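Everything on this sheet refers to the single structure shown next.
The values are calculated or read from the model by the stated rules, or taken from the named source; none is laboratory data. Fair warning: this is a prediction, and the values are worked out from it, not measured in the lab. Reconstructed Cβ throughout: ideal geometry from the backbone, glycine too, with neighbour counts over all protein chains shown.
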Amino acid sequence: MTSNCNVSNMRRLVEQLKLEASVERIKVSEAAAELQQFCLQNASKDALLVGVPTGSNPFREPRSCAVV
Amino acid sequence: MAAEKAEMDALKKECDGLRTQIEAARKAVNDGNMTSAAGSATEVGRVQLKLRKSLKGHLAKIYSMHWSSDSRSMISASQDGKLLVWDTHTGNKLVAVPLKSAWVMSVAFAPSGNLVASGGLDNMCTVSNIKAASPKTLRELDAHTGYLSCCRFLSDTEILTASGDTTCCLWDLETGKQKIIFTNHIGDCMSLALSKDENTFVSGACDSLAKLWDLREGTCKQTFSGHTSDINAIQFFPNGNAFVTGSDDCSCKMYDLRSDQEVITYQDGSLNAGVTSVSLSNSGRLIFAGYDDFNCHIWDSLKGEKVGVLSGHDNRVSCTGVPADGMGVCTGSWDSFLKLWN
């Protein structure tokens, strides 16, 4: 019984590997360039990169200004 | 007997052949990596985020947190047996959901904001409606034979879970039944991340592998190796073509789906603590990784350099999250506090 399970498990593994082997791959340099481009194109909208203006910081307590 | 052995040997040979084929195909497209491609990108400089709020309320270790899609509410789970929904702009607690089992490991907000899900060592995923007068349990999804490590809603009617029983599962919340079971990992599944189009998801497991799955067909489409220990955390890069993992091997890695391999590793000789959680800023440039060393370290995703640190917790950082509007980052810790930074 165990040997039958092993054979069917192995068959499944072969089918899975065939599926994974059939993937179309692009060059890493091309993939990396696209990821970089995305970062640079969206950098100006990334609040954690460019900073949040003090007046409009949702996590900051609004402070009143004292005129000295 | 002999025929079976012959078949097993033939199948093993076929497996080895296919594995060699996959490695060769990956090598053939491996003409560079992220650091070389990112040579022209400007440095981000030192990233110094300030602590804006310390959310006090839990009485024990925090294991998980998740932002609501409104970027304002946030839910946290602690082994004090409670889920707390916070208004992160005021720091106030909005809802407290008592848990039947205190051993919670994961919590999630539905995109609608109406439902929340949690689970852990009880092997179940409990879904509650938090918009009712008092939190009402809607469903107890009970079929996993191992702990619930992660859960994510697709909508108010479907949820995806990852479990210590090595499987992930798509559930129908209207019937409370399993729709699809995703089997292929050979170690506890620790984390999952849903693609924006909800057609695929990625999972990380204790077998040190990350896998990409077709959500509707239930098949594993790609397997990514490289880590040398449990993968605890996984998140998609914002354009959906790559994902970042965090592991007990003390490193984070970025894998690209289309080149089917790792494109960069984030590690530092001085960092000898496991990674518990990862989240990315909206442009994908910054990676916030929570470590066992009580800190959340910030990495430049393109250059692979450490560019900052969020220090302040008195125990392991167990979870991190950036809201949809990208205005800040939340860290949760075993010290029972959640902190908001920007």
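Some points to look at:
- Scanning region B:30-50 for residues that are modelled with pLDDT of 95 or more and not in a loop (DSSP other than H, G, I, E, B) turns up nothing.
- Residues that are farther than 22 Å from B:ALA324 by Cα, more than 22 Å from the chain's Cα centre (by Cα) and surrounded by 15 or more Cβ atoms within 10 Å (Cβ to Cβ) do not occur anywhere in region B:105-113.
- Scanning region B:235-260 for residues that are in a loop (DSSP other than H, G, I, E, B), closer than 19 Å to B:ILE298 by Cβ and either of a type outside the set (S, T, N, Q) or within 14 Å of another protein chain (Cβ to nearest Cβ) (or both) yields B:PHE237, B:PRO238, B:CYS250.
- Where B:LEU94 falls short, out of the listed (1) buried (at least 22 other Cβ atoms within 10 Å of the Cβ); (2) in a strand (DSSP E or B): (1)
- Given (1) more than 29 Å from the chain's Cα centre (by Cα); (2) at the interface with another protein chain (Cβ under 7 Å from one of its Cβ atoms); (3) surrounded by fewer than 18 Cβ atoms within 10 Å (Cβ to Cβ), index of the condition B:ASP9 fails: (2)
- Candidate set: region A:1-49, residues that are among the polar types (S, T, N, Q) and more than 7 Å from chain B (Cβ to nearest Cβ); chosen: the one nearest to B:ARG46 (Cα to Cα): A:SER44
- Taken across region A:8-25, residues that are under 17 Å from B:ALA37 (Cβ atoms) and at pLDDT 95 or above do occur, with at least one present.
- Checked against (1) within 11 Å of another protein chain (Cβ to nearest Cβ); (2) closer than 23 Å to B:TRP341 by Cβ, B:VAL263 passes all but condition (2).
- Scanning region B:54-111 for residues that are without any contact (Cβ under 8 Å) to a residue 12 or more places away in the chain and among the hydroxyl-bearing types (Ser, Thr, Tyr) turns up just one, B:THR90.
- Wholly within region B:115-197, strands (runs of 3 or more DSSP E) carrying at least 1 residues that are under 15 Å from the mean Cα position of the chain (by Cα): B:115-120, B:148-153, B:158-163, B:167-172, B:189-194
- Any hit, region B:318-330, residues being away from chain A (no Cβ under 14 Å), touching a residue at least 12 places away in the same chain (Cβ under 8 Å) and farther than 28 Å from B:ASP256 by Cβ: no
- Just one residue in the set B:SER283, B:SER270, B:SER277, B:SER336 is away from chain A (no Cβ under 11 Å) and either more than 26 Å from B:MET105 (Cα to Cα) or among the basic types (Lys, Arg) (or both); that residue is B:SER270.
Matching residues to (1) within 14 Å of chain A (Cβ to nearest Cβ); (2) more than 14 Å from the chain's Cα centre (by Cα):
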position	(1), (2)
B:THR200	yes, yes
B:ALA205	no, no
B:THR219	yes, yes
B:SER229	no, yes
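- All conditions in (1) at positive phi; (2) touching a residue at least 40 places away in the same chain (Cβ under 8 Å) hold for B:GLY226, with the sole exception of (2).
- Of the candidates B:GLY146, B:GLY204, the single residue that is buried (at least 22 other Cβ atoms within 10 Å of the Cβ) and closer than 27 Å to B:CYS250 by Cβ is B:GLY204.
- Selection of region B:150-198 for residues being on the phi > 0 side of the Ramachandran plot and in contact with a His (Cβ under 8 Å, 6 or more places away or on another chain) yields only B:THR166.
- Region B:230-258 residues that are surrounded by 24 or more Cβ atoms within 10 Å (Cβ to Cβ), paired with ones that are part of a loop (DSSP other than H, G, I, E, B) and among the aliphatic types (A, V, I, L, M) (beta carbon under 7 Å, 6 or more apart): B:ALA242/B:LEU257
- Among the residues of region B:29-49, those identified as touching a Lys or Arg at 6+ places or on another chain (Cβ under 9 Å) and more than 8 Å from chain A (Cβ to nearest Cβ) are B:THR35, B:GLY39, B:GLU43.
- Set B:SER64, B:SER71: member being among the hydroxyl-bearing types (Ser, Thr, Tyr), within 10 Å of chain A (Cβ to nearest Cβ) and buried (at least 16 other Cβ atoms within 10 Å of the Cβ): B:SER71
- Hits in region B:167-184 (condition: of a type outside the set (A, V, I, L, M, F, W, C) and away from every other protein chain (no Cβ under 14 Å)): B:THR167, B:ASP172, B:GLU174, B:THR175, B:GLY176, B:LYS177, B:GLN178, B:LYS179
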